[in-house]
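Since the structure comes first, as structure tokens, the remarks are kept for the end.
The values are calculated or read from the model by the stated rules, or taken from the named source; none is laboratory data. Computed from a predicted model, the values in this text were never measured in an experiment. All Cβ positions, even for glycine, are placed from backbone atoms using ideal geometry, and neighbour counts span all protein chains on display. Surface accessibility is based on the protein's heavy atoms, side chains included, excluding ligands, DNA and RNA. Shrake-Rupley method; radii C 1.70, N 1.55, O 1.52, S 1.80 Å.
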Amino acid sequence: MTPDRATSLIQERFGLQAAGAGRSLTLEQLPPERWVEFFAFAKDTLGCRFFSFLTAVDWKEQGLEVVCRVENLDDGVGIAAKTRLGAEARCPSLTAIYRGADWMERECYDMFGVRFDGHPDLRRILLSQDWEGHPLRKDYAIDTPHAPYR
Amino acid sequence: MADLEARKVIELGYGGNERLVMNMGPQHPSAHGVFRMILTLEGETIVAMDSVIGYLHRCHEKLGETLTYAQYPSIASKTDYVAAMTSELAYVLAAEKIGKIEVPKRAQYLRVLVGELQRIASHCLWLGTWCLDMGGALGGGATVFLYCFREREMVLDLFEALTGARLLYGFHQVGGTRYDLPEGWAKHCRETVDHIDRRIDEYESMLEANTPFLVRSQGVGVISRELAQEVGVAGPLLRGSDVDFDARRDDPYSSYPDFDFKIPVEAAGDCYARYRVRMQEFRESIKIVRQVLDGLPAGPISSRPGLKSVGQVRIPKGEAYARVEGPRGEVGCYLIADGGPKPYRMKWRGASFSNLSILPHIVPGHKVADVVAIMGSVDPVFGEVDR
């Protein structure tokens, strides 16, 4: 697998052009309904078996965007795919494909409030279970008071 | 909280007869930090494990959005406080990647130099504390711990002479490094690595001829090649599971291609394989340190003017993922810049976070005593897990 071959395979199957080169291919605007399909394809066809990270970005009015990066360590192909979520902030879970997605999706839920459909155990991971709000959202001010200081 | 745990116990099939739920932590000497494990036992064998993390959470990613490119690098050291040089470097590399900022050759060499010294210091801490955890097997165990700390102190002395701080440095900055080597430092550094080089033979002879040590580490906590990649563990865990990947060679940064070093890989995937990988890394790091000192070019240490105000560094709009091969593996920083003096979003891929998430997959099936050996071989730093 080479980055060029990966780019053309993605183009063929998903009709999207990946940007970048080598280990840093980026795939923008993947529809959420093809999210799981894409990562199954990345793992099996592109050989991206290494799960690097999963996170989200809050683009304010334009909604939340989930970013996930996987990599083919043997051939040097890394792909970061992004998907824009709707107002209800739901995203399909990747836990069935990558076991590493478990904690990362929990962290993403904790910090952004993204609900991962199909995650077996979606609860907060870094903050306490009774925490209010999701701190990495842009509307959560850094000096937001929280119990017991409120 | 209580409800969630009760639910978990029912899912795990707790019948109240032969299974026992045991709490380990959050204050437990083998945790090397604050980490709670909820173990379900059948006799002394673990059948399921749940982990509770976050005790050290400071929301670094939010902090990163509120601090400027000039301020944050010295805070970045507080994520992985055992290898502070690594996380600082990942952050500045990401900013430099977006801004396409050149780094002078001397600064690149200095970055490699401190990175490798940091690896030696961090591995010393790992070896010492791990052997302390397995104390009974090592006739008291404190011997290796004290020896390792003695050597680690020597490296910290070097850092203190270089930056004025022993643990949290603020050495890296966008465009280069903040400090240059003081007079006589290079000579002192050579003597230190020569000394440590000799000591490593001593550690190995103490451990590898020790049957209880071998019994407690060989065949314990096996991570398969497939599982290692799928969970995304990095560094010695990945290379101990027969995956030949190291960012220093495969995705090089800071002039690593100028140096000659090997990437140790072991196939077994157990605690002993991870131990062997780290012991060989000690020697490779020493080799790199010597090469840097031999070839250190003259010239400036930063491509940017000296800092006069916090908002001085501006990075154009863009995003980048930069990673550094730290002592615990791939430390990555995903940075989105919007053209201002602060990033729009910053994500840490903490090596320890990913490495620790392997535990629920490998611990079941082992005895309680093995958990301590496995934890130590994972080498988590909780500042980086919880960020």
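Observations on the structure shown:
- Pairing chains B and A buries close to 3800 square angstrom of accessible surface in total, based on protein heavy atoms and a 1.4 angstrom probe.
- Cβ-based charge dipole, the protein assembly as shown, positive-most Cα from B:GLY221, B:HIS172, A:PHE116: B:HIS172
- Alpha-carbon centroid distance for the pair the range A:69-84 / the range B:84-148, whole angstrom: 27 Å
- Span per principal axis, largest first, for the Cα atoms of the protein assembly as shown (Å): 61, 61, 54
- Summed over the residues of the range B:60-384 and divided among them, the accessible surface reaches 31 Å² per residue at a probe radius of 1.4 Å.
- Extents of chain B, taken as max minus min of Cα coordinates on every principal axis and listed largest first, are 70, 48, 33 Å.
- Per-residue SASA remark: A:ASP117, around 70 Å² accessible (1.4 Å probe; ligands, DNA and RNA not included).
- With kT/(6 pi eta Rh) evaluated at 37 °C and eta = 0.692 mPa s, and Rh the Kirkwood radius from Cα pairs, chain A diffuses with a coefficient of 203 µm²/s according to Stokes-Einstein.
- DSSP-loop chymotrypsin sites (Phe, Trp or Tyr not before Pro) across the range A:7-109, with at most 16 other Cβ within 10 angstrom: A:TRP59
- Helix axis angle, B:2-11 relative to chain B longest principal axis, alpha carbon, degrees: 60 degrees
- Simple point charges give the picture: +1 on the Cβ of Lys and Arg, -1 on the Cβ of Asp and Glu, and for the range B:60-384 a dipole about the Cα centre of about 920 debye.
- Selection of trypsin sites (Lys or Arg not before Pro), the range A:76-148, meeting DSSP coil and at most 15 other Cβ within 10 Å: A:ARG123, A:LYS138
- Options B:VAL233, B:GLY99, B:VAL310, ranked by Cα towards positive dipole end of the range B:60-384, top entry (Cβ charges): B:VAL310
- Helix B:142-163 and the longest principal axis of the Cα set of chain B meet at an angle near 20°.
- Expressed as a whole percent, the accessible surface of the range B:60-384 that belongs to carbon and sulfur atoms is 54, based on a 1.4 Å probe.
- Within-13-Å neighbourhood charge of B:GLU160 [Cβ basis; K, R +1; D, E -1]: 0
- For the range B:167-181, backbone phi angles converted through the Karplus equation (6.51, -1.76, 1.60; θ = phi - 60°) give residue-by-residue couplings of 10, 10, 9, x, 7, 8, 9, 4, x, x, 10, 8, 10, 10, 5 Hz, Gly and Pro being listed as x.
- Interface residues of the range B:190-232, defined as those losing at least 30 Å² of solvent-accessible heavy-atom surface relative to the isolated chain (probe radius 1.4 Å), are listed as B:GLN229, B:GLU230, B:VAL231.
- Separation between Cα centres of the range A:13-64 and the range B:180-253, rounded to whole Å: 33 Å
- Computed [θ] at 222 nm, deg cm²/dmol, chain B (DSSP H ≥ 4; -39,500 (n - 2.57); rounded to nearest 500): -15000 deg cm²/dmol
- Of the residues B:LEU168, B:LEU207, the one with the largest accessible area comes first in the ranking B:LEU168, B:LEU207, computed with a 1.4 Å probe on protein heavy atoms.
- Loop sites in the range B:105-203: GluC sites (Glu not before Pro), DSSP, at most 12 other Cβ within 10 Å: B:GLU183
- Other residues within the sphere of radius under 12 Å centred on the Cβ of B:ARG278, judged by their own Cβ, net out at +1 (K and R +1, D and E -1).
- Across the cross-link table entries B:LYS62/B:LYS97; A:LYS60/B:LYS100; A:LYS82/B:LYS367; A:LYS82/B:LYS78, which are compared at the Cα atoms, the separations over 32 Å belong to A:LYS82/B:LYS367.
- Efficiency of FRET between A:GLU61 and B:LYS262 - r from beta-carbon atoms, R0 45 angstrom, step 0.05: 0.30
- According to the Kirkwood relation over distinct C-alpha pairs, the hydrodynamic radius of the range A:80-150 is 13.2 Å.
- Helix A:101-112 vs. chain A, principal-axis angle (Cα, 0 to 90°, nearest 10): 50 degrees
- Neighbour count of at most 15 Cβ within 10 Å plus DSSP loop: longest GluC sites (Glu not before Pro)-free window in chain A: A:29-87
- Here the Kirkwood formula, the inverse mean of 1/r across different C-alpha pairs, assigns the range B:170-311 a hydrodynamic radius of 17.9 Å.
- Largest-first ordering by accessible area, 1.4 Å probe, given options B:HIS188, B:HIS123: B:HIS188, B:HIS123
- Summary of the geometry: the range B:56-71 and the range B:267-341, compared by the centres of their Cα atoms, lie 19 Å apart.
- Estimated dipole of the protein assembly as shown in Debye, rounded to 20 [Cβ of Lys and Arg +1, of Asp and Glu -1, Cα centre]: 1220 debye
- Computed about the Cα centre, the dipole magnitude for the range B:253-318 is approximately 400 debye when only Lys and Arg (+1) and Asp and Glu (-1) carry charge, each at its Cβ.
- Amide H contacts of B:PHE35: B:HIS28, each under 5 Å away and 5 or more positions distant or on a separate chain (H built 1.01 Å from N in the peptide plane; Pro and chain starts excluded).
- Accessible area of the range A:66-117 divided out per residue, in Å², using a probe of 1.4 angstrom: 25 Å²
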